[in-house]
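These notes concern the structure reproduced below.
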Amino acid sequence: MKNSIDDVAVLLRRVDYGEAHVIVDLLTQAHGRVSLFARHARKSTRRFAGGLEPFTQMRVRYQPGREGALGSLQETESLRFFQGIVEEPLRLAAAAWLLSLIEGMTQAQQGADPFFSYVLAIFDWLHQVASPQALACGMLRAEVVLLQDAGVLASMHACQQTGRSLDEMDAAIFRPGEGLVELSASRVGDQGVRLGAESLRLLEAVLSRRVVPTVTGAALHPLREGLFASWAGMLDHPPRTWSGWDQAIRAAIP
């Protein structure tokens, strides 16, 4: 079809429209994020083979919109559905959280997107990750990487002021959207999340890709709260799937 674009994509967001139509935001491999109107998508199994479901790598054909208008999604074909993600509630909550972060970080029509391969790699990992501890550590690392790629988080390997490494600190302040300051070097009234030695040791292991056989809630959740505050500050609003992810990980690791 004239002016059609063929690409590979994952679904960021879907909104049902009317009795049969769908509006979708897709993250595509070659053209970044695109917003499209899929006419009769909820009734046509021929044009939209495999449907338009989350956690699916799909081949798509669409016509882009003009000057910010919605484009037209003409057909899709499922290439891979990451079944393991939807089979376990914690994996599902983690994957939904990841997608909401990517949705917040990306803008439409920005060209090839550097996050596409990263999202697929994390989907593949979530599809088969074995334990809540491994999942928690992997998601910590993924969030740090994304925030640093966005330019709102400094290196987390050391204190920003003293340069002392994580294993040299007993406590630190996690300044949302910035990084770590050793507690002894922090200012009076410094805003942020306090991290104790247990959280700092966990962060050191996660950043070094070392296996953490036991992850406690006391170590994990302050780190997550600091990252959440960084996301909320960067996006000017809390990401929409935070509550589901927070409840699921706290249930798995009290």
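The values are calculated or read from the model by the stated rules, or taken from the named source; none is laboratory data. Every value quoted in this text rests on a predicted model; they were computed, and no experiment measured them. Neighbour counts are summed over all protein chains in view; Cβ atoms, including those assigned to glycine, are modelled from backbone coordinates with ideal geometry.
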Requested in this report: Scan (1) under 25 Å from Pro89 (Cα atoms); (2) assigned by TED's automatic domain parsing to the domain that holds Glu204; (3) modelled with pLDDT under 95 for the single condition Val181 breaks and write down its number.
Outcome: (1)
Report summary line: Just one listed residue, out of Pro222, Pro238, Pro213, is in contact with a Leu (Cβ under 6 Å, 6 or more places away or on another chain) and of a type outside the set (Asp, Glu), and it is Pro222
Report task. Kindly establish whether Glu198 is among the acidic types (Asp, Glu) and either out of contact with any helix residue (DSSP H, G or I) (no Cβ under 8 Å at 6 or more places or on another chain) or in contact (Cβ under 8 Å) with a residue 40 or more places away in the chain (or both). Result -> no
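Residue under question is Ala41, and the condition is that it be modelled with pLDDT under 90, surrounded by fewer than 18 Cβ atoms within 10 Å (Cβ to Cβ), outside any strand (DSSP E or B) and among the hydrophobic types (A, V, I, L, M, F, W, C); does it hold? Steps first, answer last, please.
Values: modelled with pLDDT under 90: yes; surrounded by fewer than 18 Cβ atoms within 10 Å (Cβ to Cβ): no; outside any strand (DSSP E or B): yes; among the hydrophobic types (A, V, I, L, M, F, W, C): yes.
Spelling it out, it is not the case that Ala41 is modelled with pLDDT under 90, surrounded by fewer than 18 Cβ atoms within 10 Å (Cβ to Cβ), outside any strand (DSSP E or B) and among the hydrophobic types (A, V, I, L, M, F, W, C).
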Query raised in the report: Given (1) touching a helix residue (DSSP H, G or I) at 6+ places or on another chain (Cβ under 9 Å); (2) modelled with pLDDT of 90 or more, where does Pro213 come up short, assuming only one miss?
Result: (2)
Requested in this report: Could you check Ala172 against (1) surrounded by 18 or more Cβ atoms within 10 Å (Cβ to Cβ); (2) more than 22 Å from Leu135 (Cα to Cα); (3) at pLDDT below 90 and say which number it fails?
Outcome: (3)
**Report entry** Matching residues in the range 63-113 - criterion: being part of a helix (DSSP H, G or I) and loosely packed, with under 13 Cβ neighbours inside 10 Å
**Finding:** Gln83
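Pull up the range 12-33, narrow it to residues that are β-branched (Val, Ile, Thr) and farther than 20 Å from Trp97 by Cα, then point me to the one that is modelled with the highest pLDDT. Walk me through it before giving the result.
Narrowing the range 12-33 to residues β-branched (Val, Ile, Thr): 15, 22-24, 28.
If we keep only those that are farther than 20 Å from Trp97 by Cα as well, we get 22-23.
Values: Val22: 87, Ile23: 90.
Among them, the one singled out is Ile23.
Conditions tested, residue by residue: (1) in contact (Cβ under 8 Å) with a residue 12 or more places away in the chain; (2) touching a strand residue (DSSP E or B) at 6+ places or on another chain (Cβ under 9 Å); (3) assigned by TED's automatic domain parsing to the domain that holds Ala69; (4) not small (Gly, Ala, Ser).
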position: Arg91; (1), (2), (3), (4): yes, no, no, yes
position: Ala95; (1), (2), (3), (4): yes, no, no, no
position: Gly104; (1), (2), (3), (4): yes, no, no, no
position: Ala108; (1), (2), (3), (4): yes, yes, no, no
position: Phe115; (1), (2), (3), (4): yes, yes, no, yes
position: Ala150; (1), (2), (3), (4): yes, no, no, no
position: Leu166; (1), (2), (3), (4): yes, yes, no, yes
position: Met169; (1), (2), (3), (4): yes, yes, no, yes
position: Pro176; (1), (2), (3), (4): yes, yes, no, yes
Requested in this report: Looking only at the range 9-22, count how many residues are surrounded by fewer than 17 Cβ atoms within 10 Å (Cβ to Cβ) and not basic (Lys, Arg).
Outcome: 7
Report task. Would you confirm whether any residue within the range 136-156 is in a loop (DSSP other than H, G, I, E, B) and among the hydroxyl-bearing types (Ser, Thr, Tyr)? Result -> yes
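Among the listed residues Arg187, Arg209, identify the single one that is free of Cβ contacts under 8 Å to residues at least 24 places away in the same chain and either farther than 15 Å from Phe228 by Cβ or loosely packed, with under 15 Cβ neighbours inside 10 Å (or both). Steps first, answer last, please.
Working: Arg209 fails: free of Cβ contacts under 8 Å to residues at least 24 places away in the same chain.
Going through Arg187, Arg209 in turn, just one is free of Cβ contacts under 8 Å to residues at least 24 places away in the same chain and either farther than 15 Å from Phe228 by Cβ or loosely packed, with under 15 Cβ neighbours inside 10 Å (or both): Arg187.
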Query raised in the report: Out of Glu103, Glu88, which single residue is touching a Lys or Arg at 6+ places or on another chain (Cβ under 7 Å), under 23 Å from Gln247 (Cβ atoms) and either modelled with pLDDT under 90 or among the acidic types (Asp, Glu) (or both)?
Result: Glu103
